[in-house]
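Reading through the structure tokens given below for one structure.
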Amino acid sequence: MDIKYDVLHQLNAPTLLEVVEITNFLHQHLGKYRDDKESIQACLEYAFSKSAGTGGFAVLAKLEGRIVGATVVNTTGMKGYIPSNTLVYIATAEDLRGRGIASTLLNKVQKICKGGIALHVEPDNPAKHLYEKLGFRHKYLEMRFEN
């Protein structure tokens, strides 16, 4: 299996058509852990924006031109007290899970990021074990107030 990995960032941002393709892939393959398409697209736009205080990148795994894995990282602009990066989305095509694509995506993210990486994961998400295997640790219990 000859999977190619591409890093997309502010200097080589994807076209709008590619953003829609990535959005649709993530929306489909995140399954029950997914956000709505508008939120996914907003995350991608933040990652590729050239506006001050925004940024990040995406890593795509492609097999014969088809997206089979994707991750999106947003930079926080903070250092020390909050991790500098937030891994917002990661997904692998359902038909190719268990073949190391997610591990490779995460390894690439860890090499690219400068500073710490935070992520949110549901307690019942099987990916939690992969994150722990790759060195992610529980630091806080997140609490939110929404109004």
Query - Near pairs, Cβ below 6 angstrom, 6+ apart or cross-chain, from the range 44-65 (closer than 16 Å to Ala13 by Cβ) to any residue that is of a type in the set (Asp, Glu) - result: Leu60/Asp6
Query raised in the report: Of the residues that make up the range 65-85, is at least one among the aliphatic types (A, V, I, L, M), over 25 Å from His129 (Cβ atoms), within 13 Å of the chain's Cα centre (by Cα) and open to solvent by 20 Å² or more (accessible area, probe 1.4 Å)?
Result: no
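What is the residue count in the range 86-107 for residues that are open to solvent by 50 Å² or more (accessible area, probe 1.4 Å), within 21 Å of Thr23 (Cβ to Cβ) and over 11 Å from the mean Cα position of the chain (by Cα)?
Looking only at the range 86-107, we keep the residues that are open to solvent by 50 Å² or more (accessible area, probe 1.4 Å), and these are 88, 94-95, 97-99, 107.
After this cut, where a residue has to be within 21 Å of Thr23 (Cβ to Cβ) as well, the list is 88, 94-95, 97.
So of that shortlist, the ones also over 11 Å from the mean Cα position of the chain (by Cα) come out as 94-95, 97.
The qualifying residues number 3.
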Query raised in the report: What is the residue count in the range 93-111 for residues that are more than 24 Å from Glu45 (Cβ to Cβ), assigned to a loop (DSSP other than H, G, I, E, B) and touching a residue at least 12 places away in the same chain (Cβ under 8 Å)?
Result: 1
Requested in this report: Go through the range 112-138 and give me each residue that's touching a residue at least 12 places away in the same chain (Cβ under 8 Å), over 14 Å from Ser84 (Cα atoms), surrounded by 14 or more Cβ atoms within 10 Å (Cβ to Cβ) and not hydrophobic (A, V, I, L, M, F, W, C).
Outcome: Asn125, Tyr131
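Evaluate the range 112-130: report whether one residue or more is under 23 Å from Glu142 (Cβ atoms) and either at pLDDT 95 or above or touching a Cys at 6+ places or on another chain (Cβ under 6 Å) (or both).
Step one: filter the range 112-130 for residues under 23 Å from Glu142 (Cβ atoms), giving 113, 115-130.
Pick out the ones that are also either at pLDDT 95 or above or touching a Cys at 6+ places or on another chain (Cβ under 6 Å) (or both) and you get none.
So far as the range 112-130 goes, no, none of its residues is under 23 Å from Glu142 (Cβ atoms) and either at pLDDT 95 or above or touching a Cys at 6+ places or on another chain (Cβ under 6 Å) (or both).
The values are calculated or read from the model by the stated rules, or taken from the named source; none is laboratory data. Predicted model only: the values in this text are computed from it and were never measured. Neighbour counts run over all protein chains shown; Cβ positions are idealised from the backbone, glycine included. Quick note on the areas: whole protein, heavy atoms, side chains included, nothing else; ligands and nucleic acids left out. Shrake-Rupley method; radii C 1.70, N 1.55, O 1.52, S 1.80 Å.
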